[in-house]
Amino acid sequence: MPDAPFRLVVDLSAHGYGHLGQSAPWLNALVRNNPRLEMVVRSELPRSKLGERLNFDFDHRPLETDATIFLRDGFEIDWRKTKQAFHDLMDNFDAHVDAEIERLASLQANALISNTGFVAIAAANALEIPSVVASSLNWADIFSYHADGSAYDAEHIGLARNAYKRASSYVAITPGILPEWHPRVQPIGPISAVGQNRRAQIAQVLGIDETAAWVVYAFGRDVPAAPASPPHNRNFVLFTPDAWDLPHGIKIGAVPFDFIDIVASSDIVISKPGYGIISEACCHDKKLVLLTREGWAETDALVDWTKNIGLLYGQYGCLDEIPLENVATWKPDSQKVTSLHLAGAHATQVIENAIYA
């Protein structure tokens, strides 16, 4: 641990909230363990959203150093536009690295953590400062999943992988895409915020039935249309995205408790295959129902992991197909449900060893 102030630059992807969710526990621990850390967080996520999970003072720079994904909605990627943007980036890769070298030098960075861009990793290497990739996925494998077999694709994917390989360490967070090609990859277990079961308090404050089945519709920033025929009987309490106007729903933003405590207090979580909500639901032993999301490189890894620990009821094409009455009475196989051990402390140790080397 350094005696002098140590400036750590942290790049967090703004493609969804999962990157923040899987990073916040060990970032908070890094600051607790190292009071002389000066944190610069670069992300296009709003400072207010970052502040919901990061429990320390930080210098926020609204900068995205990642590749870019163009979405048609929260479930479908426009791969034509996305691949073109990736190739545009890689065609001018050296210029992007040079610009990033200038930015890191101006910040007087002592180390860099990336979740999950690779341009900054190459820049940190050029500046001879330690760098760590800490993520459940990476852009090289995402674009490899969608490669068309052309030499153009292969060249640029190889360039991205070589940039990642310059990192001092690669912390591969479960569940996700394991980059077996990285020479210093360290797989670790799941990372999640830890909530408290406040069911009795929430029921009292909101005046709702504590004995009903509590259902959380959790979709982050990319919210689908509300179900046309949601249950509206006393057997269910529905916590919904703020964008929905269900007659019998309770908007999550109107609940005066932390989101993670709502999850910890509920029975069923309905979402899409994304790292943040899957890890949070499963680490709190919640029954999980997922909408299908085809064409995402990480989907198979996320869904398979959820199936293997025994908490996935099923996947459905739309919200109205979900048989909530059946989900509510379903009992996960106690012989199959895996007790999860969170890896935040492990991640913190690995990252500290890398950045202070």
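The values are calculated or read from the model by the stated rules, or taken from the named source; none is laboratory data. What you are looking at is a predicted structure, and each value in this text was computed from that prediction instead of being measured. With ideal geometry, Cβ positions are generated from the backbone for all residues, glycine too; neighbour counts draw on all protein chains shown.
Within segment 30-39, the set of residues being more than 19 Å from the chain's Cα centre (by Cα) and surrounded by 14 or more Cβ atoms within 10 Å (Cβ to Cβ) comprises Val31, Asn34, Leu37, Glu38, Met39. Of all residues in segment 315-341, none that is under 21 Å from Gly189 (Cβ atoms) and assigned by TED's automatic domain parsing to the domain that holds Lys272 has its Cβ atom under 6 Å from the Cβ atom of a residue that is modelled with pLDDT of 95 or more and part of a loop (DSSP other than H, G, I, E, B), 6 or more apart or on another chain.
Kindly indicate whether Leu159 is touching a residue at least 24 places away in the same chain (Cβ under 8 Å), of a type outside the set (Lys, Arg) and within 24 Å of Ala123 (Cα to Cα). So Leu159 fits the description; yes.
Which one of these is in contact with a helix residue (DSSP H, G or I) (Cβ under 6 Å, 6 or more places away or on another chain) and not aliphatic (A, V, I, L, M): Thr65, Thr82? First the steps, then the outcome.
Details: Thr82 fails: in contact with a helix residue (DSSP H, G or I) (Cβ under 6 Å, 6 or more places away or on another chain).
None of the other options fit; the residue is Thr65.
Report yes if some residue within segment 124-137 is crowded, with 22+ Cβ neighbours inside 10 Å, within 24 Å of the chain's Cα centre (by Cα) and more than 30 Å from Pro5 (Cα to Cα); otherwise report no. Checking segment 124-137: at least one residue is crowded, with 22+ Cβ neighbours inside 10 Å, within 24 Å of the chain's Cα centre (by Cα) and more than 30 Å from Pro5 (Cα to Cα).
Which of the residues spanning segment 11-26 are of a type outside the set (S, T, N, Q) and in contact (Cβ under 8 Å) with a residue 60 or more places away in the chain? Give the derivation first.
As a first pass, look at segment 11-26 and keep what is of a type outside the set (S, T, N, Q): 11-12, 14-21, 24-26.
Result: Asp11, Leu12, Gly16, Tyr17, Gly18, His19, Leu20, Gly21, Ala24, Pro25, Trp26.
Just wondering, is there one or more residues in segment 47-59 that are at pLDDT 95 or above, surrounded by fewer than 18 Cβ atoms within 10 Å (Cβ to Cβ), of a type in the set (Asp, Glu) and not assigned by TED's automatic domain parsing to the domain that holds Ala218? Scanning segment 47-59 turns up at least one residue that is at pLDDT 95 or above, surrounded by fewer than 18 Cβ atoms within 10 Å (Cβ to Cβ), of a type in the set (Asp, Glu) and not assigned by TED's automatic domain parsing to the domain that holds Ala218. Within this structure, Ser279 fails the test of being over 17 Å from Thr292 (Cβ atoms), part of a loop (DSSP other than H, G, I, E, B), in contact (Cβ under 8 Å) with a residue 40 or more places away in the chain and among the hydroxyl-bearing types (Ser, Thr, Tyr).
How many residues does segment 124-165 contain that are of a type in the set (A, V, I, L, M) and not in a helix (DSSP H, G or I)? Break it down into steps so the answer makes sense when it comes.
Narrowing segment 124-165 to residues of a type in the set (A, V, I, L, M): 124, 126-127, 129, 132-134, 137, 140, 142, 147, 151, 154, 157, 159-160, 163.
Adding the requirement that they be not in a helix (DSSP H, G or I) leaves 129, 132-134, 137, 147.
Number of matching residues: 6.
Quick check on segment 282-307: of everything there that is in a helix (DSSP H, G or I) and among the hydrophobic types (A, V, I, L, M, F, W, C), which residue is surrounded by the most Cβ atoms within 10 Å (Cβ to Cβ)? Among those that are in a helix (DSSP H, G or I) and among the hydrophobic types (A, V, I, L, M, F, W, C), it is Leu302. Val132 passes every criterion in (1) touching a strand residue (DSSP E or B) at 6+ places or on another chain (Cβ under 9 Å); (2) without any contact (Cβ under 8 Å) to a residue 40 or more places away in the chain; (3) more than 30 Å from Val269 (Cα to Cα); (4) among the aliphatic types (A, V, I, L, M) apart from (2). Screening segment 99-114 for residues that are touching a residue at least 24 places away in the same chain (Cβ under 8 Å) and of a type outside the set (A, V, I, L, M) and picking the one that is surrounded by the most Cβ atoms within 10 Å (Cβ to Cβ) gives Ser114.
In segment 60-82, of all residues being free of Cβ contacts under 8 Å to residues at least 24 places away in the same chain and in a loop (DSSP other than H, G, I, E, B), the one that is farthest from Gln315 (Cα to Cα) corresponds to Pro62.
Applying the selection to segment 144-171, what residues are closer than 15 Å to Ala297 by Cα and out of contact with any Phe, Trp or Tyr (no Cβ under 9 Å at 6 or more places or on another chain)?
Quick first cut of segment 144-171, residues closer than 15 Å to Ala297 by Cα only: 144-148, 157.
Passing the criteria: Ser144, Ala147, Asp148.
The residues on offer are Leu238, Leu311, Leu246, and the sole one that is modelled with pLDDT under 95, buried (at least 19 other Cβ atoms within 10 Å of the Cβ) and more than 30 Å from Phe143 (Cβ to Cβ) is Leu311.
Kindly indicate the residue of segment 177-195 that is within 19 Å of Val132 (Cα to Cα) and among the hydrophobic types (A, V, I, L, M, F, W, C) and also nearest to the chain's Cα centre (by Cα) among those meeting that condition.
Just the residues of segment 177-195 that are within 19 Å of Val132 (Cα to Cα), to begin with: 177-191.
Narrowing further to those that are among the hydrophobic types (A, V, I, L, M, F, W, C): 177-178, 181, 185, 188, 191.
Working: Ile177: 13, Leu178: 15, Trp181: 22, Val185: 19, Ile188: 15, Ile191: 9 Å.
It comes out as Ile191.
If you go through segment 34-43 and keep only what is of a type outside the set (Val, Ile, Thr) and at pLDDT 95 or above, you end up with Leu37, Glu38, Met39, Arg42, Ser43.
Can you go through Ile121, Ile142 and tell me which one is crowded, with 20+ Cβ neighbours inside 10 Å and touching a strand residue (DSSP E or B) at 6+ places or on another chain (Cβ under 6 Å)?
On the way: Ile142 fails: touching a strand residue (DSSP E or B) at 6+ places or on another chain (Cβ under 6 Å).
Residue meeting the stated conditions: Ile121.
Of all the criteria given as (1) at pLDDT 95 or above; (2) within 23 Å of Gly16 (Cα to Cα), the one not satisfied by Gly189 is (1).
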